[in-house]
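Structure, as structure tokens:
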Amino acid sequence: MCPAWEIMPTHVHMMIEDFPDFARGTIVNYVKGGSAYAFFAAFPELRSDLLGGHLWTKSYHFVQITTHRQFLATLQYIRANRERADLPPPVPLKAAGGE
């Protein structure tokens with residue numbers, strides 16, 4: 001489950017829920033792998049310009065959320081990232097298979 005995420009110019013903020021049988025590292029690897037695959041399929045000419053052919057670094061940083069107050073503060077922080085960075089609102093995603 002990912003209740004909040006925001007793509008920034010140099011990184012991504014995500015709030016994810018992990019499980020004993022679906023670890024945080026596995027989730028991050030799926031997100032990084034899938035997004036890199038889609039990115040390079042759309043922009044293959046950029047592969048040589050990015051991190052030696054890699055879209056993402058190998059590491060990630062996380063903060064464990066243990067209280068409802070932390071959850072709400074983190075949610076607010078992630079949702080406000082674009083405005084704080086003076087970025088335009090995100091472009092809405094088109095529905096799959098339709099206009």
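Details
- Helix 68-84 axis, angle to the chain major axis (alpha carbon atoms, nearest 10°): 40 degrees
- Spin-label zone in region 12-28 - amide nitrogen under 20 Å from a point set 7 Å from the Cα of residue 40 along the C-beta vector: 12, 26-28
- Amide hydrogen proximity for residue 4: with H placed 1.01 Å from N in the peptide plane, the residues at 5 or more positions away or on another chain lying under 5 Å are 15.
- Relative to the longest principal axis of the Cα atoms of the chain, helix 24-42 runs at roughly 30 degrees.
- The chain: proportion of alpha-carbon pairs further apart than 16 angstrom, %: 67 percent
- Estimated Rh, region 27-73: Kirkwood, alpha-carbon pairs, angstrom: 12.8 Å
- Calculated FRET efficiency for the pair residue 21/residue 82, C-beta based, R₀ 35 Å, to 0.05: 0.55
The numbers here are math on the coordinates, done by the rules we state, and not lab data. Everything quoted here is computed from the prediction, not taken from an experiment. Heads up, the Cβs are rebuilt from the backbone with ideal geometry, glycines too, and the neighbour counts pull from every protein chain shown.
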